[in-house]
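Step one of this worksheet: look at the structure below.
Nothing in this text is a laboratory measurement; each read-out follows from the coordinates by a stated rule. This one's a predicted model, so the numbers in the text were calculated from it and none came from an experiment. With ideal geometry, Cβ positions are generated from the backbone for all residues, glycine too; neighbour counts draw on all protein chains shown.
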């Protein structure tokens, strides 16, 4: 095969016969587990449902969001995954699910002619050393809550996402952006030293940076194969010196925009030039402004020089600071938002996700657009779980090796996460929420210097007639071409078509 010509090391597990008790029957493990009640599985595994799928209902008003997969398997090992794939006709599509947070739910919904591999049983976390470098190998069923707790016990640190139930491997194979930690530690995908995957032919490959397929897996991985584990370079927990958070209440959208207008200039002029600090400004549908500073180990200044101007700004605008948090460790910072995220529930929870950003410091016109059109017009009241996160990027991300992610090239980033309980909304109300977000993004595409939907983890791939192009998602023309080439070589029949952006490949 072509991969062998390019130095890809493979360990191919031989085919096993189908047992009488079911697929993959063996004396040691028994048959490969199948899901018997797909609707119950979907309700449990799909954290959210794309808001674009909630714009119609049956005649009785019931929502129709559910999995369409013909079969759902829950394999216990890489070998079982390979066995399932090899047992199927070559044209059968395969979707993989871990955390179930992907905004369009392409994998959990799948299609009638597809199978789903639920990787929830692959929960191993193993620590080891390579000389002075501390490493952790993470199974594809591990979620961030489990990894963060384990890394804390080893006094380590990683650039993790804030969602406790988000699948780690799914996050990695879309690049892995961390708003709190990426400026110091890079993207999570940039810290991968090794990964194990199963190809469309059912072959098991172990990849390292010397293999030409390796890089493509770190932004388009689930479109190229099933990643069953990744090995990550850790840092010591002292990479975080301190963190400060202030929660400020507001009553009107005008107050939120006024605060953000000045806070964004502080972020641009004071924080962006200093890679030893990160800053995130969040506007929530619960009428709260949340400002978080993370000070890394290279920081030598005064935290008050950053926090003080924000506190003064709130006082000048007559806005109350209703909560203050002071964190002294990586773990406290990583776990800080878990209670908030765990409270975002719905029957189902509707979600739309988009991002905008700049490769350099944002011009005043872009900051004004954020305040007037994004903060001013987003459906925060109608979708009260929604959050607008405005973050500093760059730093270590720019100095690490690039991977197929637009996040590698941007220093300023805003993601619009629209969340609401769909059970409390009529179809007309859901359409209005989706329409308002769509109109904001259409306006964003006309703003000079602003990138739109450039992140695989923060874009809405099922939006009608507005999906971004491969160079935008994967960062550059050359990276997009490399990913396309790999797709044609390792999955020519497009079995893994449920990556959010597989339609580009």
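Worth pointing out:
- Were the residues from residue 372 through residue 153 laid out at 0.36 nm apart, the gain over their Cα-Cα distance would be 74.4 nm.
- On Cα atoms only, tilt of 212-224 relative to the major axis of the chain in degrees: 80
- Region 276-307 and region 173-218: distance between their alpha carbon centers, rounded to Å: 29
- Put a dot 7 Å past the Cα of residue 465, heading toward its Cβ, do the same for residue 302, and the two dots end up 5.6 nm apart.
- Projected area, mean over directions - the chain, Cα convex hull, nm²: 23.1
- 222 nm mean residue ellipticity, helices alone, for the chain (DSSP H n ≥ 4; -39,500 (n - 2.57); rounded to 500): -7500 deg cm²/dmol
- Averaging the Cα positions of each part gives two centres, and for region 408-469 and region 70-146 these lie 27 Å apart.
- Value of D in µm² per second that Stokes-Einstein yields for region 125-237, Kirkwood Rh from Cα pairs, at 37 °C (0.692 mPa s): 235
- Look at 41, 338 and count the other Cβ atoms within 10 Å of each Cβ; fewest to most, that gives 338, 41.
- Residue 251 paired with residue 193, simple spin-label distance in nm, labels 7 Å along Cα-to-beta-carbon: 5.7
- Contact order relative to length of the chain, as percent, for alpha carbon pairs under 8 angstrom and 6 or more apart: 18
- Cα gyration tensor category, rounded, prolate or oblate, for region 377-505 with a/c compared to 1.5: oblate
- Taking the longest Cα principal axis of the chain as reference, the axis of helix 304-316 is set at about 60 degrees.
- Exposure proxy shown here: for 418, 252, the number of other Cβ atoms within 10 Å sets the order, fewest to most, as 252, 418.
- Normalised Debye scattering of region 202-263 at q = 0.17, 0.18, 0.21, 0.22 Å⁻¹ gives log10 I(q)/I(0) of -0.73, -0.75, -0.88, -0.94, counting only Cα atoms as equal scatterers and leaving out solvent.
- Neighbour-count ranking [beta-carbon atoms within 10 angstrom, fewest first] of 325, 399, 77: 399, 325, 77
- Of all DSSP-defined beta bridges confined to the chain, some 90% are antiparallel rather than parallel.
- Using alpha-carbon coordinates, inclination of helix 78-87 to the longest axis of the chain, degrees: 60
- Taking the DSSP bridge list for region 74-186 and keeping only pairs wholly inside it, about 60 percent are antiparallel.
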